[in-house]
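Undergrad: The following block contains the structure, expressed as structure tokens.
The values are calculated or read from the model by the stated rules, or taken from the named source; none is laboratory data. This structure is a prediction, so every number in the text was calculated from the model and none was measured. We place every Cβ from the backbone using ideal geometry, glycine too, and count neighbours over all the protein chains shown.
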Amino acid sequence: MSAYITPIKVALLVFPFLALAISMIFFVIQYRKYGRFILSRALVLYSFVFYLLCAYFLVILPLPSIEEVAQMTGPKMELQLGASWQHFVQQTVLNIHDPQTYLPAMKQGVFLEPLFNLLLTLPFGVYLRYYFKCSFLKTLVITFCLTLFFELTQLTGLYFIYPRPYRLFDVNDLFVNTVGGLVGWTIAPLFTFLLPSREEMDADSYAKGTRVTVTRRVFAWLIDWGILNVVSFIVVIAVRLLTQQTVRDFSGDYWYFALEVLLYFVLLAYLAKGQTIGKKLVRIKIMQEGRERVSLGALLKRYGLFYLIYASISRVNIFFAPFLESNNLLLLVVSLLMVVIFGLIQFGFYLNLLWAAIKKECRFFYERRSATYTISTIDPQSITKES
């Protein structure tokens with residue numbers, strides 16, 4: 001029994017870290033497809049990944065030492081279909097006419113091993129029918145492929161890490177595992193009738209995805225600036241290589257920042273009909289009032305207000321900050337006045353963003369001034385086709 005419990009314990013330790021990476025992948029996929037990452041779908045997908053993780057650990061753990069495996073001389077494969085049944089008949093203490101033998105027989109390895117092989121892929125069949133909407137035949141093929149992957153993992157000695165297999169490649173396991181998936185597919189409604197259906201999850205995702213939330217826009221913003229930071233790093237390195245000199249990092253200069261905004265958020269968004277790469281990934285786009293397509297002037301006004309003026313006020317304060325230590329009273333007063341005025345303007349700028357986010361009003365002041373707004377590009381037909 002410990003051979004089955006140990007992999008599950010290991011999975012419980014590893015899964016939280018693996019889930020973090022997987023969550024980012026699924027987050028992008030969900031936002032890309034539906035525009036919203038709902039909890040019910042997350043729980044289903046995470047539990048599916050956790051199940052696969054446990055199943056894989058059951059196949060490969062516990063790991064013996066390479067020296068121990070090198071000394072093994074037993075058979076590598078069992079190709080006789082029905083051998084498990086023969087072993088059961090030969091070794092079981094079961095006597096159909098004696099109920100007292102039932103429990104001891106159920107504790108024997110010749111009974112437990114096939115049973116666990118059946119249970120190993122039973123959840124897989126449930127998931128294939130419930131969430132992935134696979135037919136019986138498709139479940140048969142996919143479960144067989146999964147089982148074959150497990151058996152080949154054993155046959156190759158964990159992908160040739162070991163000099164020979166440390167577990168037996170058994171066609172009986174292949175058969176029983178495949179049957180387990182089909183049993184899971186058959187009894188899936190018994191486990192899933194209380195859960196939301198895939199169609200209900202899709203409908204919920206779409207209903208929420210048609211609304212452009214602040215969170216969705218923040219993720220688009222993070223993606224865009226992540227791309228720009230990578231590009232800036234490459235540009236600085238390229239300039240240093242071309243000039244063969246130690247050029248200072250100019251990516252923080254205002255002129256370079258303005259160039260990024262103009263080329264990426266204005267020109268690229270105009271050519272892409274209101275979308276940047278980040279907006280494209282989360283399926284939102286910029287529109288202009290009274291027009292089918294946002295104009296270059298509207299984008300320039302929108303991002304000029306946001307990035308080049310209000311978001312850059314801190315640079316003005318940085319300019320006046322050294323003069324606050326001046327002995328010239330007039331210069332000191334003027335500098336202090338400028339810092340306070342521009343500080344209040346910047347505070348109002350961030351307060352507007354925060355207030356709009358709290359009110360869940362996704363149209364900020366710079367959008368109203370530029371007569372632009374953000375919409376979702378998701379439609380039910382695209383979700384139906386992709387599903």
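Okay, residues lined up against (1) modelled with pLDDT under 80; (2) assigned to a helix (DSSP H, G or I):
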residue: ASN327; (1), (2): yes, no
residue: LEU331; (1), (2): yes, yes
residue: LEU337; (1), (2): no, yes
residue: PHE349; (1), (2): yes, yes
residue: LYS360; (1), (2): yes, no
residue: GLU367; (1), (2): no, yes
residue: THR374; (1), (2): no, no
residue: ILE378; (1), (2): no, no
residue: GLN381; (1), (2): yes, yes
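Undergrad: If SER232 meets every condition in (1) over 30 Å from ARG315 (Cβ atoms); (2) in contact (Cβ under 8 Å) with a residue 12 or more places away in the chain; (3) of a type in the set (S, T, N, Q) apart from one, which number is that one?
TA: SER232 satisfies every listed condition except (1).
Undergrad: Something else now. Taking the range 237-294 on its own, how many of its residues are in contact with a Leu (Cβ under 9 Å, 6 or more places away or on another chain) and closer than 27 Å to SER205 by Cα?
TA: 8
Undergrad: Select, from THR276, THR192, the only residue that is surrounded by 19 or more Cβ atoms within 10 Å (Cβ to Cβ), at pLDDT 85 or above, farther than 30 Å from LEU79 by Cβ and of a type outside the set (Lys, Arg).
TA: THR276
Undergrad: Just the residues that are outside any loop (DSSP other than H, G, I, E, B), loosely packed, with under 15 Cβ neighbours inside 10 Å and of a type in the set (Val, Ile, Thr), please, taken from the range 72-117.
TA: Result: VAL89, THR101.
Undergrad: I'd like to verify a number: residues in the range 91-109 that are modelled with pLDDT of 80 or more and among the aliphatic types (A, V, I, L, M), how many?
TA: Adding up the residues that qualify gives 4.
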